[in-house]
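> Could you have a look at this structure, given as structure tokens, before my questions?
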Amino acid sequence: MSSAADFSGPAKRRGLTGEPPPADDGQAAAEMPAPGRLLRADLEGQPAERPYPSGIPEATVARLPVYLRALYTLAERGVGTVASDELAAAAGVNPAKLRKDLSYLGSYGIRGVGYDVEYLVYQVSRALGLTQNWPVVIVGAGNLGRALANYGGFISRGFRISAVLDSDQSLVGRKLGSVIVRHVSELEAVVASSGVAIGVIATPAGSAQATCDRLVAAGVTSILNFAPLVLTVPEGVDVRKVDLSIELQILAFHAQRRSAERFGQVAGPAAAEA
């Protein structure tokens, strides 16, 4: 990838102004929140009211992909129905939390039987908007961009890579996955012609904000950011950040804690004997 100047374009940043549910599986309808509102704990642990489409809490939305992944695994194994306890264990959550999350979708399961796996896959996919193919543009054809473009799992999950863009002329014209790398100067034209809804930023940090500004100005309101930089976006634009170094640092913390606990267990008796 080239410098940040290569990614800044003429566009200037601007604001962007069937089937009825089964019987109850033990989750009371009274626990449902008022439509379009939710209570979300802020950093201090105090509840903060925030609107959310369809009245689904943001925390629930974050867990739905985890449930969907577990359901896909069950479906691949030929499992037709699954109890809430089993699905919760597969997803790594509390059964009561899972039942409440699924109740927002209108799915309560059948007492003593559980959930129909195929039907629940459809319900969760529909809630996440995955019953259509979302056109995606990847900006950055480096190692990460190439890996993303060559990943074949996106299309089966509701995403279609419409284009990969880069400023490096040596990469332009190469085939990645099902597309040919195009020059980043075509970003606005690609977004308009393909109806791109989601932009993926896989550029160096120095180019990320300029790339983000161009995506937003072109009309993209959902951005997945792999660059090690916090992006500034106007209201109405959603950004999800993926930072592998942060995840590794969190794992290092837990590994260090476990190591200290093991050392303490070994050193403790020895110190007591001394």
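> Keeping to the range 92-107, report how many residues are crowded, with 20+ Cβ neighbours inside 10 Å and not in a loop (DSSP other than H, G, I, E, B).
Residues flagged as crowded, with 20+ Cβ neighbours inside 10 Å and not in a loop (DSSP other than H, G, I, E, B) within the range 92-107 amount to 5.
> Continuing with this model, one more query. I need the full set of residues from the range 186-206 which are over 22 Å from the mean Cα position of the chain (by Cα) and either charged (D, E, K, R) or closer than 16 Å to D243 by Cα (or both), in order please.
E186, E188, G206
> Would you tally the residues in the range 108-132 being small (G, A, S) and either crowded, with 20+ Cβ neighbours inside 10 Å or over 17 Å from the mean Cα position of the chain (by Cα) (or both)?
4
> Looking only at the range 137-153, decide whether some residue is part of a strand (DSSP E or B), over 20 Å from G80 (Cβ atoms) and of a type in the set (S, T, Y).
Among the residues of the range 137-153, not one is part of a strand (DSSP E or B), over 20 Å from G80 (Cβ atoms) and of a type in the set (S, T, Y), which makes the answer no.
Read-outs throughout are calculated quantities, based only on the coordinates presented, and are distinct from any laboratory measurement. This one's a predicted model, so the numbers in the text were calculated from it and none came from an experiment. Here the Cβ is made from the backbone with ideal geometry for all residues, glycine too, and neighbour counts use every protein chain on show.
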